[in-house]
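Student: Once you've had a glance at the structure underneath, I'll fire off some questions.
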Amino acid sequence: MIGVVAMTRDGVIGRSNTIPWRHKEDLAFFRRLTTGGTVVMGRRTWDGLPKRPLPNRDNVVLTNQPGRGRIEIGDGAGGGGSARFAPLDRLDAVLRETRRPVFVIGGARIYEALWDRIDSWWVTIVPDRVPDGDAFLRRPFEPEFQRASDDTLPPDCRLLHYVRAADAVADPGFAP
């Protein structure tokens, strides 16, 4: 699994179930990275998407709301997408059906629940300040993950890639 997150320097990832910034270069990177793959998200992240399901991806929505089933959407040009709704304890069964890369795209509770299963992270650090942010990723990546690259997304975002350290062991006592 690959974690994908955009966040401020102080760990804000959202406000009122939305992403409180817009950086088109980051959105373009996210689209390039995840297209053709499977994206795993929580129901609140799903509800906050401007377009559902994310096109050209299998969307897996982790939820405890029963009866949502599966959604298939096609645009006639092969640009459709699908969404499957499942509780967290059924995620492995859902993912057995795919051979695509799996991207964990949020929110905070989903990142925490799947932290020990994520092998690498793509992290965009945005320059924005969001004093009223209400969703956070406060867990440090290092030393559990090692920085593999540090690039820029023009004009003013940093793009960090982390991979799980070979000798890292998750801290089972971590509590946000």
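The values are calculated or read from the model by the stated rules, or taken from the named source; none is laboratory data. Just so we're clear, the structure is a prediction, and the values are computed from it rather than from any experiment. Glycine also receives a Cβ, built like all others from the backbone with ideal geometry; neighbour counts cover every protein chain displayed. Just the protein is used for accessible areas: all its heavy atoms, side chains included, with ligands, DNA and RNA removed. Shrake-Rupley method; radii C 1.70, N 1.55, O 1.52, S 1.80 Å.
Student: Looking at the chain, what % of its DSSP beta bridges pair antiparallel, to the nearest 5?
Tutor: That works out to approximately 50 percent antiparallel.
Student: On to the next question. Report, to the nearest whole %, how much of the accessible area of the chain belongs to carbon and sulfur atoms, 1.4 Å probe, protein only. Spell out each step's value before the answer.
Tutor: Numbers: 4880 of 9820 Å².
Reported share for carbon and sulfur atoms: 50 percent.
Student: Tally Lys/Arg at +1 and Asp/Glu at -1 over every other residue whose Cβ is under 12 Å from the Cβ of GLY37; what's the total? Can you show the working numbers first?
Tutor: On the way: positive: ARG31, ARG32, ARG57, ARG99, ARG100; negative: ASP58.
Summing Lys and Arg as +1 and Asp and Glu as -1 gives +4.
Student: Still on this model: If you take the beta carbon distance between LEU49 and GLU142 as r and set R0 to 25 Å, what does 1/(1 + (r/R0)^6) give as a FRET efficiency, to the nearest 0.05?
Tutor: The pair LEU49/GLU142 has a calculated efficiency of 0.25.
Student: Work out, step by step, the length gained on full extension between GLU97 and THR35: first 0.36 nm times the residue separation, then minus their alpha carbon distance; give nm to one decimal.
Tutor: 20.6 nm
Student: Can you work out the Karplus-derived ³J(HN,Hα) for every residue in the stretch 123-139? Use 6.51 cos²θ - 1.76 cosθ + 1.60 with θ = phi - 60°, whole Hz, and x for glycine or proline.
Tutor: After applying 6.51 cos²θ - 1.76 cosθ + 1.60, I find 10, 9, 9, 8, x, 5, 10, 10, x, 9, x, 10, 10, 9, 10, 9, 6 Hz.
Student: Could you sort the peptides 144-157, 111-124 by per-residue average Cβ neighbour count (10 Å cutoff), highest mean leading?
Tutor: With the highest mean Cβ count within 10 Å placed first, the list reads 111-124, 144-157.
Student: Let me ask another. Return the whole-Å distance between the Cα centroid of the stretch 88-143 and the Cα centroid of the stretch 2-27.
Tutor: 12 Å
Student: Another question, then. Using the Karplus curve 6.51 cos²θ - 1.76 cosθ + 1.60 with θ = phi - 60°, what ³J(HN,Hα) values do you get for each residue of the stretch 155-165, in whole Hz, with x for Gly and Pro?
Tutor: Rounded to whole hertz, the list is x, 8, 10, 9, 10, 10, 10, 10, 10, 4, 5.
Student: With contacts defined as alpha carbon pairs under 8 Å and 6 or more residues apart, what's the relative contact order of the stretch 15-66 in percent?
Tutor: 39 percent
Student: Let me ask something additional. Have a look at CYS157, SER82, ILE110 and report the one farthest towards the positive end of the charge dipole of the chain, computed about the Cα centre with Cβ charges (Lys/Arg +1, Asp/Glu -1).
Tutor: SER82
Student: Turning to a different aspect of this structure: Under unit Cβ charges (Lys, Arg +1; Asp, Glu -1), what dipole magnitude, rounded to 20 debye, does the chain have relative to its Cα centre?
Tutor: Values: 26 positive and 23 negative charges, 125 e Å.
Using Cβ point charges on Lys, Arg, Asp and Glu, the chain gives about 600 debye.
Student: Please give the per residue volume of the convex hull enclosing the alpha carbon atoms of the chain, rounded to a whole number of Å³. Write down the numbers at each step before the final one.
Tutor: Details: hull volume 22.4 nm³, N = 176.
With only Cα atoms used, the chain gives 127 Å³ per residue.
Student: Report the one residue of VAL60, SER16, LEU33 whose Cα lies farthest in the direction of the positive end of the charge dipole of the chain (charges on C-beta: Lys and Arg +1, Asp and Glu -1; origin at the Cα centre).
Tutor: The residue sitting most towards the positive pole is VAL60.
Student: Ok, one more. Applying a 10 Å radius around every beta-carbon, put 30-41, 10-21 in order of their mean neighbour count, most first.
Tutor: In descending order of packing, they fall as 30-41, 10-21.
Student: Over the chain, give the accessible area per residue in Å² for a 1.4 Å probe, as an integer.
Tutor: 56 Å²
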